[in-house]
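Note sheet for the following structure.
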Amino acid sequence: MVLGAGSGGLAAAKRAAGHGANVAIIEGDRVGGTCVIRGCVPKKLLVYGSIYRDLLASASSFGITLSASSDTKVLLENVRKEVDRLNRLHIDLLEKAGVTLIKGWGSFTGPNNVIVRNDVKENSIEIKANRFLISVGGRPCRPNIPGASLGWVSDDMFLKDDFPKKVVVVGGGYIGCEFACILSGLGVEVTQLVRGKYLLRGFDRELSSVLKEGMEMKDIRFDFGCSPTSLVIDSGELVLNTNNQQRYRSGGVLFATGRRPFLQGLNIEMAGVEVQQGRIVVDSKLATNVPHIYAVGDVTDRINLTPVAIDEGRAFADSVFGKQRRNVNYELVPHAVFASPEVASVGYTEEDAYEKFGKEAIRIFRARFRTMSQTLSKRGPRCLLKLIVKAQTDKVIGCHMVGENSAEIIQMASIAIGMGATKSDFDKTMALHPTVAEEFVTMT
Ligand code: NDP
C-alpha cells in the first residue's frame, strides 16, 4: 500500500508491481505529485516561456527585427494543458503496471490499517496491507507572520490566470530565485527579499554572487538581511512590512520560504512511526522504526529532489519485492537552479572543500567569460565554470557552473566525477570547439 502518488510513490508502486507484488496507491490530490503538477515540470515550462523576451532583445544583433507582443495568460493556460496530459499519462501508466489507484486521503488507524476518506464520507474504506510506503511529499510553508495567508506559495503560481505588474518574492533559495527570474522574464517588476547575506545557501558562494549579478542585470531588485514581519492590504495593494522598517507595495507576494513534510491527516502516531522535527525517520533501507512501514522522498526531508525520491522508491521496491537489495547512493547528487542565468553544481563547494580538507589541500580552477552566443549582442552576464580539485590525488571533487545549459553540462560532468576523474583526465579529454563546456577541459 503506497500513500501518495508523486515521483517516489509512483516509481515504487510500478516497480513493486513489476516484481509481482499486489500494489495499491492512495492519492487525495492529482496523480503526479509536486514534480508533475506543481513543481519541476510546469516550472521548467514557465522558465522556457520566460526567456523569450530576453532572446528577442538580442535578436536585432543577429539581423532580426521583430515586433512582438506577449500574453502570459496563454503561457499559463498551455502549461496547465500539458500538466493535464501528464496527469492522465501517469494514471494510464499505473493501470498498465497493474497498480490499483484509490482516490482519497489515507489515514492510519493502526500499524496495519489505513482508512481512505474522500469527499463522500460514506465511501470511506478501511484497507489492510502487509507493507506500507509513505511517499506523501511536502508542502510549501509560509512564514509565521500576521497576514501570511494573503501571500502566495509556489503551488498558487501555477493556478494564476496572469501575474500582477509588481511582485515581491520572499526567500533566496531555489523557488525564490527561479520564480523571481520567471516573473521578471515575463515582464513583472520583481523585488526579492533575502534574510541572509547570500542567495542559495549551501551552494558555492561564487556561484551565488554570479547569479545575483546576472539577476540584477535583469532588473531584479534585492534586499538582503531582510525578513517579513507582516502582510496587509492597503488601498487594494499588498504591503509587506519587514524587520528593517521597509514597506513593500505590490500586487502579489510569493513566500518561497521552504517546504515541510506533509504529515497532516496521516495519523502517523496511530501507526507508531517515529517522527523527528516534523519528518519521518528512516534507516539506510528506507524503513521506519515500524519494520513493515517504509518512507521515501520529501516526507523524510533529506535531499528533496525528484530523482532522489524516484531512486528511493525503486530501491525500496527492488530490495523488498525484487530480492535485489540495494541502497541509494546519496554521495554525488547534482543540483540545478533553473534561474536566469542557470546554476548547476555537483560535489564539494569551495567553502566545504576548504573546511573539510584545509585550504592548502585544494586547488581551484575557474573560467569566467562571455559566451559566443552573447558576443554579438554583448548582453547578459558572463558565465562561470569552476572545478574543485584535491591537490594530493588530483581528483576533481566539485564541478560548478553558472550560465547557459549549465544543468545539462553538469549532468554529464557528474558521470566523470562519480567515476573518480582527475584533473589530468579532464585535461587529456579533447575539447569540443566552439562550446562553453570545452573550458572545463582546457582550464589551467
Ligand atoms: P529553500 O530552503 O531552498 O529556500 C528557502 C529560503 O527562504 C531561504 O532563503 C531561507 O533563508 C528563506 N526563509 C525561510 N524561512 C524564512 C522566513 N521566515 N523569513 C524569511 N526568509 C525565510 O526552499 P525553497 O522553498 O526555495 O525550496 C524547497 C526545496 O524544494 C528546495 O530546498 C529543493 O530541495 C526543492 N526544489 C528544488 C528545485 C530544483 O531542483 N531546481 C526547484 C524548487 C525546489 P535561509 O537560507 O536563511 O534559511
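Below is a table of values for the structure above.
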{"quantity": "Residues located in the range 234-255, provided they are over 20 Å from Ser184 (Cβ atoms), within 16 Å of the ligand (Cβ to nearest atom) and either touching a helix residue (DSSP H, G or I) at 6+ places or on another chain (Cβ under 7 Å) or open to solvent by less than 40 Å² (accessible area, probe 1.4 Å) (or both)", "calculated": "Asn241, Thr242"}
{"quantity": "Search result, residues across the range 186-201 that are open to solvent by less than 60 Å² (accessible area, probe 1.4 Å), within 14 Å of the ligand (Cβ to nearest atom) and either at pLDDT below 95 or in a loop (DSSP other than H, G, I, E, B) (or both)", "calculated": "Gly196, Leu199, Leu200"}
{"quantity": "Yes/no for Tyr294 being closer than 21 Å to Val114 by Cα and among the aromatic types (Phe, Trp, Tyr)", "calculated": "yes"}
{"quantity": "Residue match in the range 303-314 (condition: within 22 Å of Val194 (Cα to Cα), within 16 Å of the ligand (Cβ to nearest atom) and open to solvent by less than 10 Å² (accessible area, probe 1.4 Å))", "calculated": "no"}
{"quantity": "Those strands (runs of 3 or more DSSP E) lying entirely in the range 110-152 with at least 2 residues in contact with a Phe, Trp or Tyr (Cβ under 9 Å, 6 or more places away or on another chain) and polar (S, T, N, Q)", "calculated": "none"}
{"quantity": "Of the criteria (1) over 23 Å from Tyr52 (Cα atoms); (2) of a type in the set (A, V, I, L, M); (3) touching a helix residue (DSSP H, G or I) at 6+ places or on another chain (Cβ under 9 Å), which one Leu207 fails", "calculated": "(3)"}
{"quantity": "Selection count where residues are surrounded by 15 or more Cβ atoms within 10 Å (Cβ to Cβ) and modelled with pLDDT under 95, scope the range 315-331", "calculated": "0"}
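The rows are residues; the columns are (1) free of Cβ contacts under 8 Å to residues at least 40 places away in the same chain; (2) closer than 29 Å to Leu45 by Cβ; (3) under 21 Å from the mean Cα position of the chain (by Cα).
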residue	(1), (2), (3)
Val281	yes, no, no
Asn289	yes, no, no
Ile303	yes, yes, yes
Gln324	yes, no, no
Tyr330	yes, yes, yes
Pro334	no, yes, yes
Ser340	no, yes, yes
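The values are calculated or read from the model by the stated rules, or taken from the named source; none is laboratory data. Everything numeric here is computed off the predicted structure, so don't read it as measured data. Glycine gets a Cβ as well: all are built from the backbone with ideal geometry, and neighbour counts include every protein chain shown. Surface areas here come from the heavy atoms of the whole protein model, side chains and all, with no ligands, DNA or RNA. Shrake-Rupley method; radii C 1.70, N 1.55, O 1.52, S 1.80 Å.
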